[in-house]
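There's a structure below that I have some questions on.
The values are calculated or read from the model by the stated rules, or taken from the named source; none is laboratory data. It should be emphasised that the depicted structure is a prediction, and the values quoted were computed from it without experimental measurement. As a convention, Cβ positions derive from the backbone with ideal geometry for all residues, glycine included, and neighbour counts pool all protein chains shown.
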There are 2 protein chains.
Amino acid sequence: MAPPVVALGLFGTGLIGSAHMKQLAKQTPYLLEQLRVDVRVVAVSNSRRMLLSGSALQGTEWRAALDSPQAQQADPDALAAHVASHPGAAAGVLLDCTASELLPQHYCSWLGQQGLHIITPNKKLGAGPLQRYQQLRQLQKDTGKHFMYETTVGAGLPVISTLKELIETGDRVLSIEGILSGTLSFIFNSFQPGMAFSEGIFSGTLSFIFNSFQPGMAFSEVVRQAKEQGYTEPDPREDLSGMDVARKVVILARECGLQLGLEDLQVASLVPPQLAALSTPAEYMAALPQHDGDMAAQAQEAAASGEVLRYVGKVDVAGGTASVTTSRYPASHPFAALRGSDNILVFTTERYGPATPLIVRGPGAGAEVTAAGVFGDLLKVLRYVAAART
Amino acid sequence: MAPPVVALGLFGTGLIGSAHMKQLAKQTPYLLEQLRVDVRVVAVSNSRRMLLSGSALQGTEWRAALDSPQAQQADPDALAAHVASHPGAAAGVLLDCTASELLPQHYCSWLGQQGLHIITPNKKLGAGPLQRYQQLRQLQKDTGKHFMYETTVGAGLPVISTLKELIETGDRVLSIEGILSGTLSFIFNSFQPGMAFSEGIFSGTLSFIFNSFQPGMAFSEVVRQAKEQGYTEPDPREDLSGMDVARKVVILARECGLQLGLEDLQVASLVPPQLAALSTPAEYMAALPQHDGDMAAQAQEAAASGEVLRYVGKVDVAGGTASVTTSRYPASHPFAALRGSDNILVFTTERYGPATPLIVRGPGAGAEVTAAGVFGDLLKVLRYVAAART
């Protein structure tokens, strides 16, 4: 029996989409041999152009073809219809590797009417209007088609799957607390030299210890370095406003059954109103040093109590609330020891109690790990397709 | 359309099996409503007796029934055949919640010939003879039936699933390093007061710090407490020999493609040969204090360098080797900060590099979390069964 064909359409040819295409091309023989599914990328689109193909696009040919006369103007519904009607396909899958507000408006129709599976790192549905979120959930249940979004929180780290399994096996989640932004993790790890402290503790004198424990750089300088090293959006205020973290918190909260939206969250923005009002990123960066004093005072106050500042998202399931705040943690806390742009999530549940919660930690951003997380979701869908054939 | 029926048979009615039965009973309505599968426990066995039922066993009735005349002498093959032939079942699943050496000898026949899925926390197949392991793998591939063993390492923590996904999406695992025994985690966390050190650092004087930094209790005393609190096997040598950790390391190593067995591992036993030779646990416990000096010397040597001792399993994928050793780690290392009987696994891969590996941490033993991990595996199988019906 020929292996079932799965037709794939990709929205977004940026870093994540491109990395995924490369990973998928490399693993296609494995998928055919071990999972016994024949995955064919038959459509690719960026925000302007799209390419609809009758056969599987090979390797990286799609990239050049997108700029060729073969390609046409981007039309998301036409792309979905093309994938859904691929001759002989056992299933169709759409990958939304964009941050588009627009595409999630089509998910219900693509999943419910076209019968397509949807996989995405795009947070705009999961953290979008509650009614649309619930509608998609219901369609999922009614149709058996999958909507998968592991990479919306913690990129490739096993976050959503872990949470789902806790809940489905009857555990009761009490709270989820985490450092959920790679960008802000990097900024706070650099701003408050907790690492230097814990690394230096055994190597020298008491004076070294307490010297290291003072904030080493101005906050504006840390943000400037993060921007230069590509850790922030072109306008760092998009990260520092906390909205990216807030979206992740909403997704986690809804997973736990809380019916809330972005508007219900307390979000402590790191962008003072005067700076939010400035019209360009350059003006913001120029004005940022004026606020270094505030941040330094907060950090020093924390340091005086042996603590560090961290930008943390929290879901309090029992209380029915969720928040994003700058909070203080002792240097022995797992949040204090992060490196680089690490994310960390702490799940406290009935089974994994407060003293020994379940913790997942690692890079929570980056094209390769995010693309791999998307691939992980795809593997699950492919196994269901394969199961339907046995 | 009536939901597909899945017939379930359970081996092992100890702590894990009983906890699983309770969790499953609680979630059965959810499975029916959300997953649209009708799970029926139709067979239960302990090492002496078994109960084969024509219909689903309700709640905890199986427990009393196992001691009633309804029950018969345990016969694993008869139980498997009963589950496989449940009228109208779309699939049959066996749960091996024992530590039996015997049952894994039947897995190939149950999966390959009876067409049953097998889910287990039992390490005896995964760490058993390589040839049998490979045979089961091949049968899995040929039949599409599942063999699932998430709970063989780290209990309910997402370990095997995380590792499988890294590999299947084309990442290259470089090494896995972990504290894999809840028992030994507890013993070493208590023996070397790393927690007290990091908790005390900001609260007092330098003298307090360095006082805390000495091993607080004799090793034999820590083992005695661990035994009293139920953290060890009745004979603590079963834990302290390192064989339980070694089995987990073999399972992880094979998952990474290394073709090795227990006999290929370097295992640093914590039981000196003179103590291994004693015939009873009581004699062992009585003689253990004679070796306190050795352990104290090791711990003090580590402490003098600002380090702690930990009992660690390691797979070096590139080197093709695996080991179980007592190693030293700086107090800032994630291994130093564990609590209670926490496990921790550190995956270093091409994508999750040495500076920022993927880390999973939490309780890696206990009936509730292990049973929930078994349930997580069952959920995957149930979804495949449901997928086959859509």
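Within the range B:223-254, how many residues are in contact (Cβ under 8 Å) with a residue 60 or more places away in the chain and either under 14 Å from B:THR183 (Cβ atoms) or over 15 Å from the mean Cα position of the chain (by Cα) (or both)? Explain how you work it out, then say what you get.
We begin by selecting, within the range B:223-254, every residue in contact (Cβ under 8 Å) with a residue 60 or more places away in the chain; these are B:223-224, B:231, B:242, B:244-254.
Keeping just the survivors that are either under 14 Å from B:THR183 (Cβ atoms) or over 15 Å from the mean Cα position of the chain (by Cα) (or both) gives B:223-224, B:231, B:242, B:244-248, B:254.
Looking only at that region, the number is 10.
Yes/no per residue for (1) charged (D, E, K, R); (2) in a helix (DSSP H, G or I); (3) out of contact with any Ser or Thr (no Cβ under 8 Å at 6 or more places or on another chain):
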| residue | (1), (2), (3) |
| --- | --- |
| B:VAL250 | no, yes, yes |
| B:ALA253 | no, yes, yes |
| B:GLY257 | no, no, yes |
| B:GLU263 | yes, yes, yes |
| B:SER269 | no, no, no |
| B:LEU275 | no, yes, yes |
| B:LEU278 | no, no, yes |
| B:ALA286 | no, yes, yes |
| B:GLN290 | no, yes, yes |
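Say whether the condition of being surrounded by 20 or more Cβ atoms within 10 Å (Cβ to Cβ) and more than 8 Å from chain B (Cβ to nearest Cβ) is met by at least one residue in the range A:356-363.
Within the range A:356-363 (the criterion being surrounded by 20 or more Cβ atoms within 10 Å (Cβ to Cβ) and more than 8 Å from chain B (Cβ to nearest Cβ)), the answer is no, since none of the residues qualifies.
Can you tell me which residues in the range A:367-390 are more than 8 Å from every other protein chain (Cβ to nearest Cβ) and farther than 26 Å from B:LYS141 by Cβ?
The answer is A:ALA367, A:THR370, A:ALA371.
Among the residues of the range A:163-172 satisfying the criterion of being crowded, with 21+ Cβ neighbours inside 10 Å and part of a helix (DSSP H, G or I), which is nearest to the other protein chains (Cβ to nearest Cβ)? Show your work before the answer.
Restricting attention to the range A:163-172, the residues satisfying the condition of being crowded, with 21+ Cβ neighbours inside 10 Å are A:163, A:165-166, A:169, A:171.
Those left that are additionally part of a helix (DSSP H, G or I): A:163, A:165-166.
Working: A:LEU163: 10, A:GLU165: 4, A:LEU166: 7 Å.
Ranking the candidates gives A:GLU165 first.
Just to be sure, is B:GLY115 at positive phi and either outside the structural domain of B:HIS86 (by TED's automatic domain parsing) or surrounded by 21 or more Cβ atoms within 10 Å (Cβ to Cβ) (or both)?
Numbers: at positive phi: yes; either outside the structural domain of B:HIS86 (by TED's automatic domain parsing) or surrounded by 21 or more Cβ atoms within 10 Å (Cβ to Cβ) (or both): no.
The answer is no for B:GLY115.
Could you go through the range B:107-115 and let me know if any residue there is within 30 Å of A:VAL369 (Cα to Cα) and within 14 Å of chain A (Cβ to nearest Cβ). I'd like the intermediate steps shown before the answer.
Going residue by residue through the range B:107-115, those that are within 30 Å of A:VAL369 (Cα to Cα) are none.
No, every residue in the range B:107-115 fails to be within 30 Å of A:VAL369 (Cα to Cα) and within 14 Å of chain A (Cβ to nearest Cβ).
A quick yes/no check of all residues on (1) within 30 Å of B:LEU382 (Cα to Cα); (2) modelled with pLDDT of 90 or more:
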{"site": "A:THR169", "(1), (2)": "yes, yes"}
{"site": "A:LEU180", "(1), (2)": "no, yes"}
{"site": "A:GLY194", "(1), (2)": "no, no"}
{"site": "A:PHE202", "(1), (2)": "no, no"}
{"site": "A:GLN214", "(1), (2)": "no, no"}
{"site": "A:ARG224", "(1), (2)": "no, yes"}
{"site": "A:LYS227", "(1), (2)": "no, no"}
{"site": "A:THR232", "(1), (2)": "no, no"}
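Among the hydrophobic types (A, V, I, L, M, F, W, C), out of contact with any Asp or Glu (no Cβ under 9 Å at 6 or more places or on another chain) and in contact (Cβ under 8 Å) with a residue 40 or more places away in the chain: which single residue out of A:VAL360, A:VAL374 fits that description? Steps first, please.
Details: A:VAL374 fails: out of contact with any Asp or Glu (no Cβ under 9 Å at 6 or more places or on another chain).
Every option except A:VAL360 fails the conditions.
I've got another one for you. Name the single residue, out of those in the range B:173-193 being outside any helix (DSSP H, G or I) and of a type in the set (S, T, N, Q), that is surrounded by the fewest Cβ atoms within 10 Å (Cβ to Cβ). Explain how you work it out, then say what you get.
Here is the first cut: in the range B:173-193, the ones outside any helix (DSSP H, G or I) are B:173-181, B:192-193.
Going one step further and asking which of them are of a type in the set (S, T, N, Q), we end up with B:175, B:181, B:192.
Details: B:SER175: 18, B:SER181: 28, B:GLN192: 31.
Among those residues, the one meeting the criterion is B:SER175.
Given the residues B:LEU24, B:LEU79, which is the only one that is closer than 21 Å to B:ALA367 by Cβ and under 28 Å from the mean Cα position of the chain (by Cα)?
Details: B:LEU79 fails: closer than 21 Å to B:ALA367 by Cβ.
The unique qualifying residue is B:LEU24.
Here's another thing I want to ask about it. Residues of the range A:146-189 being touching a Ser or Thr at 6+ places or on another chain (Cβ under 8 Å) and of a type in the set (D, E, K, R), which ones?
Of everything in the range A:146-189, those that are touching a Ser or Thr at 6+ places or on another chain (Cβ under 8 Å) and of a type in the set (D, E, K, R) turn out to be A:GLU150, A:ASP171, A:ARG172, A:GLU177.
Tally up the residues in the range B:343-355 that are at pLDDT below 95 and crowded, with 24+ Cβ neighbours inside 10 Å, please.
Counting residues in the range B:343-355 that are at pLDDT below 95 and crowded, with 24+ Cβ neighbours inside 10 Å gives 0.
Give the range A:267-279 a look and list any residue that's exposed (fewer than 12 other Cβ atoms within 10 Å of the Cβ) and in contact (Cβ under 8 Å) with a residue 12 or more places away in the chain, or say none. First the steps, then the outcome.
Keep residues of the range A:267-279 that are exposed (fewer than 12 other Cβ atoms within 10 Å of the Cβ), which gives A:273-274, A:277, A:279.
Within the range A:267-279, A:GLN274 is the sole residue that qualifies.
Answer yes or no: is there a residue in the range A:347-369 that is under 25 Å from the mean Cα position of the chain (by Cα) and of a type in the set (S, T, N, Q).
Step one: filter the range A:347-369 for residues under 25 Å from the mean Cα position of the chain (by Cα), giving A:347-349, A:352, A:357-369.
Now restrict to residues that are of a type in the set (S, T, N, Q): A:348-349.
Within the range A:347-369, one or more residues are under 25 Å from the mean Cα position of the chain (by Cα) and of a type in the set (S, T, N, Q).
Are any residues in the range B:227-243 touching a Ser or Thr at 6+ places or on another chain (Cβ under 6 Å) and assigned to a helix (DSSP H, G or I), and if so, which ones? Before the answer, list the steps.
Applying the first criterion (touching a Ser or Thr at 6+ places or on another chain (Cβ under 6 Å)) to the range B:227-243 yields B:231-232, B:239, B:241-242.
Correct list: B:ASP239 only.
Can you find a residue that is part of a helix (DSSP H, G or I), surrounded by 15 or more Cβ atoms within 10 Å (Cβ to Cβ) and either without any contact (Cβ under 8 Å) to a residue 12 or more places away in the chain or touching a helix residue (DSSP H, G or I) at 6+ places or on another chain (Cβ under 6 Å) (or both) anywhere in the range A:312-330?
Step one: filter the range A:312-330 for residues part of a helix (DSSP H, G or I), giving none.
Taking every residue of the range A:312-330 in turn, none turns out to be part of a helix (DSSP H, G or I), surrounded by 15 or more Cβ atoms within 10 Å (Cβ to Cβ) and either without any contact (Cβ under 8 Å) to a residue 12 or more places away in the chain or touching a helix residue (DSSP H, G or I) at 6+ places or on another chain (Cβ under 6 Å) (or both).
Something else: Exactly one of (1) at the interface with chain B (Cβ under 8 Å from one of its Cβ atoms); (2) assigned to a loop (DSSP other than H, G, I, E, B); (3) under 25 Å from B:ALA331 (Cβ atoms) is unmet by A:ARG351. Its number?
Only one criterion in (1) at the interface with chain B (Cβ under 8 Å from one of its Cβ atoms); (2) assigned to a loop (DSSP other than H, G, I, E, B); (3) under 25 Å from B:ALA331 (Cβ atoms) is unmet by A:ARG351, namely (3).
Hey, another quick one. What number of residues in the range B:118-139 are among the polar types (S, T, N, Q) and crowded, with 24+ Cβ neighbours inside 10 Å? Reasoning before the result, please.
Just the residues of the range B:118-139 that are among the polar types (S, T, N, Q), to begin with: B:120, B:122, B:131, B:134-135, B:138.
Among the residues that remain, those that are also crowded, with 24+ Cβ neighbours inside 10 Å are: B:120, B:122.
Matching residues across the range B:118-139 total 2.
Now for a separate question. Of all the residues that make up the range A:127-162, how many are closer than 19 Å to A:VAL346 by Cα, facing chain B (nearest Cβ under 9 Å) and either without any contact (Cβ under 8 Å) to a residue 12 or more places away in the chain or assigned to a helix (DSSP H, G or I) (or both)?
Residues in the range A:127-162 being closer than 19 Å to A:VAL346 by Cα, facing chain B (nearest Cβ under 9 Å) and either without any contact (Cβ under 8 Å) to a residue 12 or more places away in the chain or assigned to a helix (DSSP H, G or I) (or both): 2 in total.
Moving to a separate point now. Quickly run through the range A:108-120 and pick out the residues that are within 15 Å of A:LEU10 (Cβ to Cβ), in contact with a Phe, Trp or Tyr (Cβ under 7 Å, 6 or more places away or on another chain) and not in a strand (DSSP E or B). Explain how you work it out, then say what you get.
The first filter runs over the range A:108-120 and keeps only residues within 15 Å of A:LEU10 (Cβ to Cβ), leaving A:110, A:116-120.
Still in the list and also in contact with a Phe, Trp or Tyr (Cβ under 7 Å, 6 or more places away or on another chain): A:116, A:118, A:120.
If the condition is that a residue be within 15 Å of A:LEU10 (Cβ to Cβ), in contact with a Phe, Trp or Tyr (Cβ under 7 Å, 6 or more places away or on another chain) and not in a strand (DSSP E or B), then A:LEU116, A:THR120 are the ones that fit.
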